[in-house]
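The values are calculated or read from the model by the stated rules, or taken from the named source; none is laboratory data. Being a predicted model, the structure only gives us computed values, none of them experimental. Don't worry about glycine lacking a Cβ; one is built from the backbone with ideal geometry, like all the others, and counts go over all protein chains shown.
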Amino acid sequence: MATRLKIIVVEKDPERVRIIVDGLKELGDHDIHVITEESALARRVSEQNPDIVLIDIANPSRDVLEELTLAASPNERPVAMFVDQSDNSMTRAAIEAGVSAYVVGGLRPERIRPILDAAITRFHMFQRMRRELEATKQALEERKTIDRAKGILMRRRGIDEDAAYGLLRKTAMDQGRKLIQVAEALVTASDLLG
Amino acid sequence: MNAGLRIPVAYVPLVDAAPLIIAQELGFAAEEGITLELMKAPSWSVVRDALTLGQADLAHLLAPLPVAIGLGLAPSPVQLEVAMVLSINGSVIGAARDLAARVAKAAPTAGFLDAFSVGRALLSVGPRALRVGIPFPFSTHYELVDYWLGAIDPAARDRLQIHTVPPPRMSEAVAAGEIDLFCVGEPWGSEAVEEGTAELLLPGRAIWNHAPEKVLALRKGWDLEQPAALHAAIRAIWRAGRWLSQPGNRSSASEILSRPEYLDVSPLLIDRALSGRFVVSPRGERRDCPVFVCFHQGAANFPWRSQGRWFGHRLALRTGLEQGDAIATAGAIFRSDIYRAAMAEMPSALPTSSSKVEGGLPQDLAVPAVGGDLILRADRFFDGAVFDPSLPE
C-alpha cells in the first residue's frame, strides 16, 4: 500500500472539487490532480498518466474519456469502473452517487475500493449540501414574497401585519392552497395592476 | 389504455431519437400494451452503461457501437445486439467559418450534396492536420468522415486527427479553435450555425445516402427473456417511424421533440432536420437536402446483416483485425431474425433476403418481398463503390 496513486478529478465546480479532494486526502498521501477545463480533455488526462480518473456520471465529457480506452497498449487503457462487475454493490453505489471512475493498468480491487468509497461519500455529501442550499434559498425567496404580500394588504386595507398575515392564511386555507401560492398570486396581481 | 409492461429505454436527446419519443407520446406503445420509460442520458457512455448494467432494457445507440463491443474494441461487461435500425442518415458536416469560406472559394459551384467537390476543396485548402470533432469513437459519424476523405485521397487518412467532442460542446470547440471540422447529429450542427461559430458543408447523406445512423440495441439474450415485450416495442417504434414519415406530421413532431423533457431546443431548429431545409451559415444562406433523415421508407428499420458487416469491415480496417472474422461477427449482431419475428403480422413488406450489397442501388428499386410490395431506397456511396459482404476484401 506504500506506493502513491495518481488520481485525476475532472470537475468544473470549485466547491465540489474542494469536497472531493478533501475526502481523497483523508485516505493518505495520494497525488491528486484536478482538471477543470473540458477542452482537449483526452490530451490533458493522458499527459498526466493517472491511475484513476474520477468524473461526474452526468458530465457529457465522459464520452471523451472513452477515446482513451483505445490507447495503444492494453496496460495503459483506462477502463470504466462499471465494466468490471466483480463488485455489484459498489457499482450500484457509484451510480447512485453519480460518480464514474476510470481505472488504468489493472489496479487491484483493494487499492481502488477505498478511493471509490471516498468519492461516493463525497459526491453524496455535495448533493446533500446542494439540496440544503436550494431549500434555504427557496425558503428565503418564499419569505420575501410573503412579506411583500403582507405589505400590499397592510397598505390597501389599512390593517396591521398580524391581520394581514391572518388574512393570507385564512384565504389559503379556504381555497385549499399553500400560503406562498396565495402570496404569489397577490404580488403578481398587484404588479399587473400597478 | 392498459399501460402494460414497462420497458426502460435510454436515449440521447437528438432529432433521431424521434421514433422512441413519438412511439411513447402518441400512444403507439400503449396500442402494443407497453410503456416505454424514456431515460434521457447526457452521453453515449451513460446510455451504454444503462443498457449493459440493466437499468435500461433497450437503448437508442450509435449503429457501430454494438459491433465495436462484439469485436472486443470497446469495453463492455456484456454483448449488445441490434433489433432494428431507428434512422438512416441525419448527421451534418460543418466547418469553422474561415475554413468554410476557403472551401466555398475553392469550389464555388459545389452543391450541398456534392461530397466530391467539397471534399477535394477541403483537402486542398484545409490545414495539413485536419482536426475533426465527432461525438463518439465508434459512430457512423467517424465512419462517414473517414470514408469520405479517404475515398478522395487515401493519403488524407494520415491528415485526420479525430477528436471526441460531446455534441453540446461542438460549437464551443470550433470557436475555441480545438477542431477545424465536425460531423454531428442534428440539432447540434444547426445550433453551431445559430451561435455563429460554424457553417454546414454537407449533410451526411451526401457521403452515403443510406447510412444506418442509430439503432435499437438490446443486451444479448434479452430477446429470449422478454420476447413479447421486445416485439411489441419494435412494432410500436415502426408505427412511430411511419407516422414521422408523413410530411403533414412534421410540425407536430418538432413541437413534441422540442419539449424540455426531451430535446429542450427550439422547434424551429428541429424542423430543419425533419424538413431537410437548412440554414447553412450565420449569414442565413439556405440549402435543401431532401430526406435528410429517414425513419421509415424503403425498409429503413430493417437491420440488414450486411449493414453490420460493413461496420465490421470498417472497424477491422481501422484497427488491423482480421477481416473475415470481423465481418462474420459483426453480421450476426444485426438481428434481422428478431425484426422479422416481430413484424411478421404487420402490414409491412419484409425483404426476402437479410443481406444486400451495401451501396449497390443507384436509384429506388422495387424488389420481391414477403407480404406486399417493397421499394428499396437508393443506396449509394458518393464514389460509387460497393460493399459486397459475400466477398470480403
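Of everything in region B:149-184, what is within 16 Å of the chain's Cα centre (by Cα) and modelled with pLDDT of 95 or more? Give them in sequence order. Answer for region B:149-184, where residues must be within 16 Å of the chain's Cα centre (by Cα) and modelled with pLDDT of 95 or more: B:PHE182, B:CYS183, B:VAL184.
Look at (1) within 14 Å of chain A (Cβ to nearest Cβ); (2) in contact with a His (Cβ under 8 Å, 6 or more places away or on another chain) and you find that B:CYS183 fails only one, number (1).
Any residue at all in region B:106-113 that is farther than 27 Å from A:GLU66 by Cα and in contact with a Cys (Cβ under 7 Å, 6 or more places away or on another chain)? Yes - at least one qualifying residue is present in region B:106-113.
Taking the conditions (1) under 27 Å from B:MET343 (Cβ atoms); (2) within 14 Å of chain A (Cβ to nearest Cβ) in turn, B:SER43 satisfies each one other than (1). I'd like to know if region B:127-141 contains one or more residues that are in a helix (DSSP H, G or I) and touching a residue at least 60 places away in the same chain (Cβ under 8 Å). There is at least one residue in region B:127-141 that is in a helix (DSSP H, G or I) and touching a residue at least 60 places away in the same chain (Cβ under 8 Å). The requirement of being part of a helix (DSSP H, G or I) and surrounded by fewer than 16 Cβ atoms within 10 Å (Cβ to Cβ) is not satisfied by A:GLU184.
Scanning region B:68-100 for residues that are away from every other protein chain (no Cβ under 14 Å) and in contact with a strand residue (DSSP E or B) (Cβ under 8 Å, 6 or more places away or on another chain) yields a count of 20. Of the helices (runs of 4 or more DSSP H) contained entirely in region B:194-266, those carrying at least 2 residues that are over 28 Å from B:LEU80 (Cα atoms) and among the small types (Gly, Ala, Ser) fall at B:250-258. Taking the numbered list (1) more than 26 Å from B:ILE69 (Cβ to Cβ); (2) within 20 Å of the chain's Cα centre (by Cα); (3) crowded, with 19+ Cβ neighbours inside 10 Å in turn, B:ARG250 passes all entries but (3). Restricting attention to region B:174-192, the residues that are in contact with a strand residue (DSSP E or B) (Cβ under 6 Å, 6 or more places away or on another chain) and in a helix (DSSP H, G or I) add up to 3.
Looking at B:GLY177, is it buried (at least 19 other Cβ atoms within 10 Å of the Cβ), closer than 23 Å to A:VAL64 by Cβ and of a type in the set (Gly, Ala, Ser)? In short, no.
Run down B:ALA56, B:ALA18 and say which single residue is more than 17 Å from B:ILE88 (Cα to Cα), modelled with pLDDT of 95 or more, buried (at least 24 other Cβ atoms within 10 Å of the Cβ) and of a type in the set (Gly, Ala, Ser).
Numbers: B:ALA18 fails: more than 17 Å from B:ILE88 (Cα to Cα).
Just one listed residue meets the conditions, B:ALA56.
Output the residues belonging to region B:17-50 that are among the hydroxyl-bearing types (Ser, Thr, Tyr) and over 16 Å from A:ASP56 (Cβ atoms). Passing the criteria: only B:THR35.
Within the bounds of region A:129-139, is there any residue that is crowded, with 16+ Cβ neighbours inside 10 Å and β-branched (Val, Ile, Thr)? For region A:129-139, residues crowded, with 16+ Cβ neighbours inside 10 Å and β-branched (Val, Ile, Thr): absent.
Residues are listed down the side, and each one gets a yes or a no for (1) in a helix (DSSP H, G or I); (2) touching a residue at least 12 places away in the same chain (Cβ under 8 Å):
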residue	(1), (2)
B:VAL291	no, yes
B:ASN301	no, yes
B:ARG309	yes, yes
B:ALA330	yes, yes
B:MET346	no, yes
B:SER353	no, no
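Just one of (1) in contact (Cβ under 8 Å) with a residue 12 or more places away in the chain; (2) under 29 Å from B:TRP44 (Cα atoms) fails for B:GLY150. It is (1). Scanning region A:21-52 for residues being assigned to a loop (DSSP other than H, G, I, E, B) and away from chain B (no Cβ under 14 Å) gives a total of 9.
Evaluate region B:99-122: report whether one residue or more is assigned to a strand (DSSP E or B) and not charged (D, E, K, R). No, that holds for no residue. The residues on offer are B:ALA110, B:ALA101, and the sole one that is at pLDDT below 95 and either small (Gly, Ala, Ser) or touching a Phe, Trp or Tyr at 6+ places or on another chain (Cβ under 7 Å) (or both) is B:ALA110.
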